[in-house]
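To keep things clear, I will list the structure first and then write my remarks on it.
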């Protein structure tokens, strides 16, 4: 499979809107502080499918990515297979000199082929070229596959917040991941 990563272009239609970013929830991370390090164990949970696109607030339903094009402080890279967008990573320069991953997703059909790693590698290049310290992102404790993916890319847990999602009436915990660059 030929995978091509490139910047989002003005002529790209509906960036990422056709990507199936849903995932299976079958477990959750149980976080534990071990000295100065945050570790975890995995606890099984009832099987269900989750899709964040189903939960968007009204103001988030129409994404305007035009301000990412040609902007040195934010960028979108798309992953293409046969000229079809099947993945994306949305990055911005954060206030703390880290690149912040606002969104990363790979279509369900194309997972396991290395697209996510290629997107992270491109994010590393953008981060280094921009003189930033590293990359940070947030995910939830019930997205165990994503957490393990970030860990496999060298990210470590820098913190968590058990209150962020309480207003949504669920028990998810926000986990903050960091990748330090040399």
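Where a number appears in this text, it was derived from the coordinates with a stated rule and is not lab data. Owing to the predicted nature of the structure, the values given are computational and were not obtained by experimental measurement. Cβ: placed from backbone, ideal geometry, glycine included. Neighbour counts: every protein chain shown.
Ranking 153, 147 by Cβ neighbours within 10 Å, fewest first, what do you get?
With the fewest neighbours first, 153, 147 line up as 153, 147.
Rank these for me by crowding, 2, 107, going from fewest to most other beta carbons within 10 Å.
Ascending number of Cβ neighbours within 10 Å: 2, 107.
Viscosity 1.567 mPa s, temperature 4 °C: what is the translational diffusion coefficient of the chain from Stokes-Einstein with a Kirkwood Rh over Cα pairs, rounded to a whole number of µm²/s?
So the translational diffusion coefficient is about 75 µm²/s.
Classify the stretch 82-182 as rounded, prolate or oblate from the Cα gyration tensor: take a ≥ b ≥ c as the square roots of its eigenvalues, call it rounded if a/c is under 1.5, otherwise prolate when a/b beats b/c and oblate if not.
Because a/c hits 1.5 or more and a/b fails to exceed b/c, the stretch 82-182 counts as oblate.
Which of 180, 1, 132 comes first, and how do the rest follow, when ranked by fewest Cβ neighbours within 10 Å?
Listing 180, 1, 132 from fewest to most nearby Cβ atoms yields 1, 180, 132.
Among 67-77, 38-48, 109-119, how do they line up by average Cβ neighbours within 10 Å per residue, starting with the highest?
Highest mean packing first, the order is 109-119, 67-77, 38-48.
Which percent, to the nearest 5, of DSSP beta bridges fully inside the chain are antiparallel?
For the chain, the DSSP antiparallel bridge percentage is about 95.
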